[in-house]
Amino acid sequence: MAEANCVKPFTMKHFSRSGCTLKVPMSLFRENRERLVSRLQTNSEVSAEGTFVVLQGGEEVPFNDTDVNWPFRQESFFQWCFAVEEPGCYGALDLAAGTSILFVPRLPPEYAIWEGRLRTLEEFKERYEVDEAHYTDEIAPVLKEKRAHLLLTLSGKNSDSGLCAREAVFDGIAEFEVNNSILYPEICECRVIKSPEEIKVLRYVCKISSDAHKVVMRTMRPGMMEYQGESTFSHYVYHTGGCRHVSYTCICGSGHNSSILHYGHAGSPNDKVIEDGDICLFDMGGNYCGYAADITCTFPISGKFTEDQKLIYNAVLKARDAVIAAAKPGVAWTDMHLLANRVVLASLKEGGLLVGDVEDMIKAGLNEVFQPHGLGHLLGLDVHDVGGYLPNHPERSKEPGLRKLRTARILLAGMVLTIEPGCYFVDCLLDAALENPDQAKFLVAEELKRFRGFGGVRIEDDVLITETGVENLTDVPRTVEEIEKEMER
Ligand SMILES: [Mn+2]
């Protein structure tokens, strides 16, 4: 049977997983490359003639010393430029001509036994809509022939992880002049602003992830294991949405565990029984064509909020609503963080857990006691996307609460961020605050006792900054009434 009749042709010019999942045109990535090239062409440190961007794609990563690999995930800068699904590739962009070259590994013929028929260079060129395709053992001669004299490589520190981007290295690179400082801030800045085509992908992955959260909410019951929420979510985003990966380890905390910010890690793999009366904080996001969703839903496992759960939940919801109403281009993200903190602290005061002036509480750092993380972060190919702290933008604050932010930037149209205010009862933070006279004077210790073991609440939406405000890409039940209705049984 002819391949074309039974198998999706390799040379289709889009990413999709079935007829029902989003078709992501390869032109999205060609436009990304064009945006980068135009930006570099206006950089006064670079003369376009003879200058090439050279990026190295991701490699297979084995499980320790074995011959089994982790499921491959493309390096994000390479994904942004080329969307190549295969490991071990390189890419180059000619700044003067604006053309793109993909270099793929030359695989021994017997690989066909393990991996299926090997693709030709022509097929790679067509599949990924690049101008030329060659083998990775030809990089130096190809660039030589094109009279390349300056190569721009990627070197920079990720401001969230502290880890460095992997700089391209290939046989023969020593024959060229290399600059590794110009590219990083420029390509990061390009990634901060999402194109209309990128926004379509983010909208899709947020919709699929929202639907998956709703299925989880409808199917969880007291007595189930936390990881069954993770399982339902992962199945839905893959089975229905074509998301082979989730964007980060699913966080499915119940009861006290909902106050542990990155619960679900290897040592606590979402393995507690959910007891009746527990609050569940489930932070999960699918990943499609490299693009991430990052959504948190908090709900009572019983399907009905208790009065205490309502108090904390509504405090956080009010903060989320205030930020959604206020965020727009020109607004400082640090101001949004403080706005959310003020709303939560004022609600806790109203609920009798705190006393005193809210501004004084913030001066004393009480905001960080109840929300020990930032309001939200840039979102894109990485769940904590690049560009949070770049040269010529605000630096990380040293103030309580604000110092936790993954970006302090002024909002621009085209940014996609999470808005994720929270309120948690973390024993070690409450103990320290009660010991600290500057903070203890605001705490109503008798009332707070009741909340030991309560856990926490986070509401996390993924939003696009538009010219006038925000478009919420998340679509899940948010009010107490909406959640109770979704969970009606
Ligand atoms: Mn997040």
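Across the chain, C-alpha contacts under 8 Å between residues 6 or more apart give a mean separation that, scaled by the residue count, equals a relative contact order of 14 percent. Counting lysine pairs in region 21-192 whose alpha carbons fall under 30 angstrom apart, excluding pairs fewer than 8 residues apart on the same chain, gives 4. Only lysines eight or more places from residue 310 in sequence, or on another chain, were considered; those with a Cα closer than 20 Å are 214, 318, 349, 449, 485. Distance between the pseudo-spin-label points of residue 123 and residue 59 (7 Å out from Cα toward the beta carbon): 2.5 nm. Counting only protein heavy atoms and using a 1.4 Å probe, what share of the accessible area of region 305-385 belongs to carbon plus sulfur, as a whole percent? Ligands and nucleic acids excluded, carbon and sulfur reach 53 percent. 3J(HN,Hα) couplings calculated from phi for region 329-335 with the Karplus curve 6.51 cos²θ - 1.76 cosθ + 1.60 (θ = phi - 60°) are, in sequence order, x, x, 7, 7, 5, 4, 5 Hz; Gly and Pro show x.
In order along region 472-480, the phi-based Karplus estimate (6.51 cos²θ - 1.76 cosθ + 1.60, θ = phi - 60°) of 3J(HN,Hα) comes to 7, 7, 8, 9, 9, x, 10, 6, 3 Hz; Gly and Pro are listed as x. Entry comment: accessible area of the chain is 43 Å² per residue, from protein heavy atoms only and a probe of 1.4 Å. In units of the rule-of-thumb radius 2.2 N^0.38 Å, region 21-192 shows an alpha carbon radius of gyration of 1.04.
Restricting the calculation to Cα atoms, the chain yields a radius of gyration followed by a Dmax of 24.6, 79 Å. For the listed peptides 337-345, 151-159, 349-357, a ranking on the average number of other beta carbons within 10 Å per residue, highest first, reads 337-345, 151-159, 349-357.
For residue 304, the aspartates and glutamates whose Cα comes closer than 12 Å to its Cα, not counting residues fewer than 8 places off in the same chain, are 276, 278, 481, 482, 484, 486, 488. Would you mind telling me the share, in percent, of accessible area of region 214-302 contributed by carbon and sulfur at probe 1.4 angstrom? That fraction is 52 percent. Take each peptide in 475-486, 110-121, count the other Cβ atoms within 10 Å of every residue, and average; sorted highest first, the result is 475-486, 110-121. Whenever you get a sec, compute what percent of the accessible area on region 21-192 sits on carbon and sulfur atoms (1.4 Å probe). Taking all protein chains in place, region 21-192 shows 51 percent carbon and sulfur surface.
Applying 0.36 nm per residue to the separation of residue 306 and residue 27 and subtracting their alpha-carbon distance, the gain on full extension is 95.4 nm. Helix content alone sets the calculated 222 nm mean residue ellipticity of the chain: runs of n ≥ 4 DSSP H residues at -39500 (n - 2.57) each, divided across all residues, give -10000 deg cm²/dmol.
When the Cα positions of 354, 158, 195 are compared along the charge dipole of the chain, 354 comes out farthest toward the positive end, with charges on each C-beta of Lys, Arg, Asp and Glu.
Mind pulling the angle between the C-alpha long axis of helix 27-41 and the longest principal axis of the chain? Nearest 10 degrees, somewhere in 0 to 90. Compared with the principal axis, the helix lies near 80 degrees. Taking the longest Cα principal axis of the chain as reference, the axis of helix 226-239 is set at about 40 degrees. For residue 135, the residues 5 or more places off, or on other chains, whose built amide H falls under 5 Å of its own are 104.
When the residues 209, 231 are ordered by accessible surface, computed with a 1.4 Å probe over the protein chains alone, the sequence from largest down reads 231, 209.
The values are calculated or read from the model by the stated rules, or taken from the named source; none is laboratory data. As the structure is a computational prediction, the values presented were derived from the model and not from experiment. Cβ atoms come from the backbone with ideal geometry, glycine included; neighbour counts cover every protein chain shown. Side chains included, ligands, DNA and RNA excluded: accessible areas come from the protein's heavy atoms. Shrake-Rupley method; radii C 1.70, N 1.55, O 1.52, S 1.80 Å.
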